[in-house]
Amino acid sequence: MKTLILLRHAKSDWADPELADHDRPLAERGRDTAPKMGAWLKAHGPMPDLVLCSTATRARQTLALALEALGAAPETRFDRGLYLAGGTGVLARLRQAPDEAATVLLVGHNPDLEQLARRLATAGDAAALARLAEKYPTAGLAVIELPMEHWAEAGQGGRLVAFETPKKAGG
C-alpha cells in the first residue's frame, strides 16, 4: 500500500502584474492557510517520507510553511516538471518516485492536482469525494491510499481517505 498526499499551493499574490506566473509569491491569506494544512496533517497523518514539489515560488512557500507546522523535514525534491504539467504529466512524475517512500506529499497546482485526485481516487469517503468533485481550492489537501507496491503502478483504484480544505479546517 502507498499513500499519496496532494497539497495544492496556497493563495497566491497577484499584486504585481509584471511578475511571471512561476515567480508569484503567496498572498497574506496563503501565508495564513498553508501552516493550517500542515497542522492538520500533523494531527491526522500520515507523515510523508518524500516530498515532490513544483519549483514555482508559491508552491515552495506553501511547502515551507506546511512543513514547519508539521514539524518534519522529509527528503524533498523540487521538480520544474510539476509546474503546468496537467494531471497526466504529474502522474508521470509520481510514477518515478522511489518505492522506498511509502507516503509521498506532492505540492503542485490546479487543475493538475484536481485531475490527478479524481483519476486516482475512485472510492472512499462519500462526503470527501463529493467535496473533491465540487472544487479543489487553494491549500486543499487530499489523502489517497493506493493499493500497490510500486509507484510506477499508480493509477485508478485508489481510496480517498480525506479531503481537507482551509475553510473546513477553520481557515
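Full extension of the chain between Q96 and E149 gives 17.8 nm of extra length, using 0.36 nm per residue less the Cα-Cα distance.
With the helix formula -39500 (n - 2.57) applied to DSSP H stretches of n ≥ 4, the chain reaches a computed 222 nm mean residue ellipticity of -10500 deg cm²/dmol. Rounded to the nearest 5, the antiparallel percentage of DSSP beta bridges internal to the range 54-171 is 55%. Amide H to amide H, with H built 1.01 Å from N, R24 comes under 5 Å of T57, R58, counting only residues 5 or more places away or on other chains. In order along the range 25-32, the phi-based Karplus estimate (6.51 cos²θ - 1.76 cosθ + 1.60, θ = phi - 60°) of 3J(HN,Hα) comes to x, 6, 7, 4, 4, x, 5, 7 Hz; Gly and Pro are listed as x.
On the accessible surface of the range 1-112, probed at 1.4 Å, how many percent belong to carbon and sulfur atoms? That fraction is 51 percent.
Using the alpha-carbon positions of the range 1-83, Rg (one decimal) and Dmax (whole number) come out as 13.0, 45 Å.
What would the Debye formula give as log10 I(q)/I(0) at q = 0.09, 0.13, 0.19 Å⁻¹ for the alpha-carbon point model of the chain, no solvent? Here log10 of I(q) over I(0) equals -0.25, -0.55, -1.24.
Using the 1.4 Å probe convention, the accessible area of the chain works out to 46 Å² per residue with neighbouring protein chains retained. Shown in residue order for the range 112-127 are the 3J(HN,Hα) couplings computed by the Karplus curve 6.51 cos²θ - 1.76 cosθ + 1.60 at θ = phi - 60°: 3, 5, 4, 4, 5, 4, 5, 6, 7, 8, 9, 8, x, 4, 4, 5 Hz (x for Gly and Pro).
The values are calculated or read from the model by the stated rules, or taken from the named source; none is laboratory data. None of the values given here were measured: they were computed from a predicted structure. When the accessible area is computed, the model is the full protein with side chains, heavy atoms only, and any ligands, DNA or RNA have been set aside. Shrake-Rupley method; radii C 1.70, N 1.55, O 1.52, S 1.80 Å.
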